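A short worksheet on the structure shown next.
The values are calculated or read from the model by the stated rules, or taken from the named source; none is laboratory data. Because the structure is a prediction, the values reported are computed rather than measured. Counting neighbours? That spans all protein chains shown, and the Cβs are built from the backbone with ideal geometry, glycine included. Areas reflect the complete protein model, heavy atoms only, side chains present, ligands, DNA and RNA absent. Shrake-Rupley method; radii C 1.70, N 1.55, O 1.52, S 1.80 Å.
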Amino acid sequence: MSYPDMRGYLMALERHGLLRRVSQPVDRARDIGCLVKWMYQALRDEQRFGLRFDQVAGATMPVVTSALGANASAVALALQCAPDAINTTLTAALQQPIRPKVVDVAPCQAVALTGDDADLDRLPIVTWTPGKDRAPYLTTIVVTRDHDTGKQNMGVYRTMARDRRSVVINLAPGRQGFRNVKTWTDKGKTAPIAWVIGAPPAVHLATVRTCATATTRSNSPAR
């Protein structure tokens, strides 16, 4: 894995001119989504960059977007390979998976909020299409587990923040996440689901690649 965490990758992006900061105050329900769409529509692929919004109204943390998908150079930096070697690098990595390591203590557990403190309003979740999206959406890694086999799956699924304590996830039928959750709900049980924000960049990229591959296979006439 090229970077142990997202923070190190963002620093590298900034050093290479692939991440730019917006210091002016912005509204997460209007400004961020519009600015990102403008960039993708107005600039050629090689000119695009990630955006970091340092002053988000009503939030205590910044919002970073387009850090992984702005252009091929950003993806190559995440994998520490040449842009024309992205596909072969990802394919080679997926063919040699690394078994997860179970630990008792991890940096992501440094702050644990439970009960009434578990509040989605603490996160600056963005409304990506103002005027069309009914609510803010998370689009990040979603981890599910098969009830019977215990095997886990990671995919990227759009998730609407319904209120400060609940979300609605778009688990399309045919996707592995849907099948995993169904193994729980068919038994009348609540399925465990985890949303992962800010994982190391290689993990995000592998999740997208694996998810896309699984979807392609599930839609294949051979199946």
Among [x] 50, 45, 41; [y] 43, 37, 33; [z] 50, 38, 26, which is the computed Cα extents along the principal axes in Å?
[x]
So how strong a dipole does the chain carry about its Cα centre when Lys and Arg Cβ are +1 and Asp and Glu Cβ are -1, to the nearest 20 debye?
580
Give the lysines whose C-alpha is closer than 17 Å to that of Lys182, dropping any in the same chain fewer than 8 places away, or say none.
Lys151
Once Lys and Arg get +1 and Asp and Glu get -1 on their Cβ, which of Gly115, Ala202, Ile169 lies farthest toward the positive end of the dipole of the chain?
Ile169
What full-extension length gain, to one decimal in nm, is calculated for Gln109 and Ser23 as 0.36 nm per residue of separation minus the Cα-Cα distance?
28.0 nm
Per its Cα gyration tensor (rounded if a/c is under 1.5, else prolate when a/b beats b/c, else oblate), segment 3-108 is best filed as oblate
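Top to bottom by accessible area (1.4 Å), largest first, where do His204, His147, His16 land?
Details: His204 30, His147 55, His16 120 Å².
These residues rank, largest area first, as His16, His147, His204.
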Computed curve, segment 70-178, Cα-only Debye sum without solvent term, log₁₀ I(q)/I(0) at 0.15, 0.22 Å⁻¹, is -1.06, -1.26
So how far apart, in nm, are the two label points at Ala82 and Lys151 if each is 7 Å from Cα heading toward Cβ?
3.6
Note down the relative contact order for the chain as a percent, whole number, built from C-alpha pairs under 8 angstrom at least six residues apart.
20
Give me the percent of the accessible area of segment 1-113 that comes from carbon and sulfur atoms, probe 1.4 Å, all protein chains in place.
56
Cα to Cα, under 15 Å, and not fewer than 8 places away if on the same chain: which aspartates and glutamates meet these conditions relative to Lys187?
Asp146, Asp148
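Mind giving me the FRET efficiency for Gln55 and Arg15? R0 is 25 Å, r the Cβ-Cβ distance, nearest 0.05 is fine.
Numbers: r = 22 Å, r/R0 = 0.90.
My answer for the efficiency is 0.65.
Mind ranking 172-182, 82-92 by how tightly packed they are, going by the mean number of other C-beta atoms within 10 angstrom, highest first? The partial results should precede the final answer.
Details: 172-182: 17.5, 82-92: 13.3.
Ranked by mean Cβ neighbours within 10 Å, highest first: 172-182, 82-92.
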For the chain, what is the mean residue ellipticity at 222 nm derived from helices alone (per DSSP H run of n ≥ 4: -39500 (n - 2.57); sum divided by total residues; nearest 500 deg cm²/dmol)?
-9000 deg cm²/dmol
At 7 Å along the Cα-to-beta-carbon direction for both Thr183 and Ala93, put a label point, then send me their distance in nm to one decimal.
2.5
